[in-house]
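Below you'll find the structure, written out as structure tokens, and then a few comments.
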Amino acid sequence: MKLSVIVPCYNGEKHINRCIQSLLDQGIDHGEYEIIFINDGSTDRSAAIAAKYAEAYPHLIHHNQENRGLGYSRNRGMQMARGDYIYFLDVDDYLAGNTLGGLLETAFKHDLDLIGFRTKVTEKLDLTETPELGMKGKAEVTSGFEFIEQHKSHRYEAWWYILRRDFLDRIKVTFEEGKYFEDVIFTLKTLVAAKKMIFVPVEIHRYVQHDTSIKSLKNPSHVKKLVEDKVYLIYKITSLINDRNFIKSRQTLLSHIKFVRSTLLYFMFFTVLQSSLSLGAINKLLKELKKRQIYPMDHFSGFIDNNLKVKI
């Protein structure tokens, strides 16, 4: 089997049909890939909808579990996966049609650890037209840390790349469990370990903006956890920065990972402004960040965001 697509879902009944249909419209023989649908304790009709798909399509595997979160669900999917390559897709997103086959062909041809592609942030739900991959004679194989050095501001979510399963088994990397932004450390470790990768500069993934997305929720306890998990992530990245075996004395790589940390720190403060944290709690946080030499922010030059509020 060539590919395992892992789709975690919590209360995603509004999105399942679009997500799964985009995976069925990939022009790949059903015997060559599997869709592992992880129902993470949904309280809506997600399980029932997924069960109907599983009845109609034997290569769709429907797994039910108690609510354990996105990180746990992705890790469970990796344990279940049988494909040579693994891809993670969130249930509220979707893919352009007939793209995975060409990506897999390139991945097998070059024996890649990882193949990546661009995402399109959109509110539209019908951007399924197949793009021209443009891979013939233009595939440039690099290492993962070279990719980081060349792409300072790239995203660190898990849905812009496909990974070789035995590569993941070898480096023994898993997702953080019980935390938001669980894929940042996973992606960093994966990229630094990848010896051979290709990035296809084509918009294949569709990142759907909607009212219930994590970043748009305004519940005070939710915002508080966002701040806590961003701080936790910043400390984890700091540990990687201080690990010379991880950085391997590459100064450009070190600088760019510090840029990632500074960007996360900036958005952590952005979230603090929306939170109910007291001034005392904020000052305590600032003191700890200064003690760890994380704040004031450095390595922040070159940051670009077109959102007017962010710019101000």
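The values are calculated or read from the model by the stated rules, or taken from the named source; none is laboratory data. As the structure is a prediction and not an experimental result, all values here were calculated from the model. Cβ coordinates were reconstructed from backbone atoms using ideal geometry, including for glycine residues, and neighbour counts include every protein chain displayed. Keep in mind that these areas ignore ligands, DNA and RNA; they rest on the heavy atoms of the full protein, side chains included. Shrake-Rupley method; radii C 1.70, N 1.55, O 1.52, S 1.80 Å.
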Fill in the blank from the handout: Length gained if SER276 through GLU177 is fully extended, taking 0.36 nm per residue and subtracting the Cα-Cα distance, is 33.1 nm
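Using a 1.4 angstrom probe on the protein heavy atoms only, could you order GLU34, GLU55, GLU13 from most to least accessible area? List each step's numbers first, then the result.
On the way: GLU34 0, GLU55 155, GLU13 65 Å².
So the residues, ranked largest to smallest area, are GLU55, GLU13, GLU34.
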Practice task
Compare PHE108, PHE199, PHE37 in a GNM of the chain, Cα atoms joined below 10 Å, and give the one with the largest fluctuation.
Solution key: PHE108
Problem - Reach of LYS225 by Cα under 16 Å, taken over aspartates and glutamates that are not fewer than 8 positions away in the same chain - result: GLU176, GLU177, GLU182
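Taking R0 as 35 Å, what FRET efficiency do you get between THR142 and GLU32 from their Cβ-Cβ distance, rounded to the nearest 0.05?
Between THR142 and GLU32 the formula returns 0.80.
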Handout entry: Percentage relative contact order, the chain, counting C-alpha pairs under 8 Å, at least six apart
Key = 18
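Tell me the net charge near GLY97. Cut-off is 13 Å between Cβ atoms, GLY97 excluded, with +1 for each Lys or Arg and -1 for each Asp or Glu.
Local charge sum for GLY97: -3.
Keeping every protein chain in place, order LYS172, LYS258 by accessible area at 1.4 Å, biggest value first, i.e. largest first.
Details: LYS172 165, LYS258 45 Å².
These residues rank, largest area first, as LYS172, LYS258.
Using a 1.4 Å probe over the heavy atoms of the protein chains, calculate the carbon and sulfur portion of the accessible area of the chain as a whole percent. Can you show the working numbers first?
Working: 7660 of 15520 Å².
Carbon-and-sulfur percentage of accessible area, whole number: 49.
Which entries in LYS2/LYS236; LYS195/LYS230; LYS124/LYS309 show an alpha-carbon gap greater than 31 Å?
On the way: LYS2/LYS236 33 Å; LYS195/LYS230 29 Å; LYS124/LYS309 23 Å.
Flagged as over cut-off: LYS2/LYS236.
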Handout entry: For the chain, share of DSSP beta bridges that run antiparallel, in % to the nearest 5
Key = 25
Completion exercise
Relative contact order of the stretch 6-86 (C-alpha contacts under 8 Å, at least 6 apart) in percent is 38
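Give me the dipole magnitude in Debye, nearest 20, for the chain about the Cα centre, with unit charges on the beta carbon: positive for Lys and Arg, negative for Asp and Glu. Don't skip to the end; give the middle numbers.
Values: 44 positive and 38 negative charges, 306 e Å.
I would put it at about 1460 debye.
Using a 1.4 angstrom probe on the protein heavy atoms only, line up ASP229, ASP84 by accessible area, largest first. Kindly include the intermediate steps, with their values, before the conclusion.
On the way: ASP229 5, ASP84 70 Å².
From most exposed to least exposed: ASP84, ASP229.
How much length, in nm to one decimal, is gained on full extension between ASN283 and MET80, taken as 0.36 nm per residue of separation minus their Cα-Cα distance?
Values: separation 203, 0.36 × 203 = 73.08 nm, distance 4.50 nm.
Length gained between ASN283 and MET80: 68.6 nm.
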Practice task
Would you work out which of HIS63, VAL141, ILE115 lies farthest towards the positive end of the dipole of the stretch 53-181, given +1 charges on the beta-carbon of Lys and Arg and -1 on that of Asp and Glu, about the Cα centre?
Solution key: VAL141
Completion exercise
Place a point 7 Å from the Cα of ASP44 in the direction of its beta carbon; the residues of the stretch 2-26 whose amide N falls under 13 Å from it are 9-19
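How much accessible area per residue does the chain have, counting only protein heavy atoms and a probe of 1.4 Å, in square angstrom?
With all protein chains present, the chain gives 50 Å² per residue.
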Exercise for the section: Check every DSSP H run in the chain and write down those whose alpha carbon atoms cover 27 angstrom or more along the long axis and whose mean Kyte-Doolittle hydropathy is -0.5 or greater. Expected result: 220-241, 251-272
Handout entry: the chain: calculated mean residue ellipticity at 222 nm from DSSP helix runs of at least 4, using -39500 (n - 2.57)
Key = -12500 deg cm²/dmol
